[in-house]
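Report on the following structure.
The values are calculated or read from the model by the stated rules, or taken from the named source; none is laboratory data. Keep in mind the model is a prediction, meaning the values are calculated, not measured. Backbone-built Cβ (ideal geometry, glycine too); neighbour counts: all protein chains shown. The protein model used for the area step is the full one, side chains on, heavy atoms only, and it has no ligands, DNA or RNA in it. Shrake-Rupley method; radii C 1.70, N 1.55, O 1.52, S 1.80 Å.
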Amino acid sequence: MNMFKRYAGIVWMLVSPLSIWFLLQTAISEINKKPGIDTKIQWGVFIIIFIPIGIGLLFFGYYALKGED
């Protein structure tokens, strides 16, 4: 089970920056398609909420890789 947690930690550490990158690329694309203030506010809120979640996934993966409980 410990090896599974370590492998899962590696996966979480890889998923975290990829998800943040995908979020930012999608936000930039959507804002460029429709540059209204409502679109900017909507994606600004998404970014403010989901970037800390992505950083939390990175920490979660780090501690899983170290094998801490």
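Checking every residue in segment 61-69 against the condition of being among the hydrophobic types (A, V, I, L, M, F, W, C), within 20 Å of the chain's Cα centre (by Cα) and modelled with pLDDT of 95 or more gives zero matches.
Does segment 1-41 hold any residues that are among the aromatic types (Phe, Trp, Tyr) and out of contact with any helix residue (DSSP H, G or I) (no Cβ under 6 Å at 6 or more places or on another chain), and which are they?
If we filter segment 1-41 for residues that are among the aromatic types (Phe, Trp, Tyr), which is where we start, we get 4, 7, 12, 21-22.
Within segment 1-41, 4, 7, 21, 22 qualify.
Looking across segment 31-69, just one residue is among the aromatic types (Phe, Trp, Tyr) and touching an Asp or Glu at 6+ places or on another chain (Cβ under 7 Å), and that is 43.
Within segment 20-69, take every residue that is outside any helix (DSSP H, G or I), closer than 30 Å to residue 4 by Cβ and without any contact (Cβ under 8 Å) to a residue 12 or more places away in the chain and give me the one that is least open to solvent (accessible area, probe 1.4 Å).
Within segment 20-69, the first condition is being outside any helix (DSSP H, G or I), and the residues that meet it are 34-36, 67-69.
Next cut, closer than 30 Å to residue 4 by Cβ only: 67-69.
Remaining after also requiring without any contact (Cβ under 8 Å) to a residue 12 or more places away in the chain: 68-69.
Values: 68: 92, 69: 178 Å².
Checked segment 20-69; the qualifying residue least open to solvent (accessible area, probe 1.4 Å) is 68.
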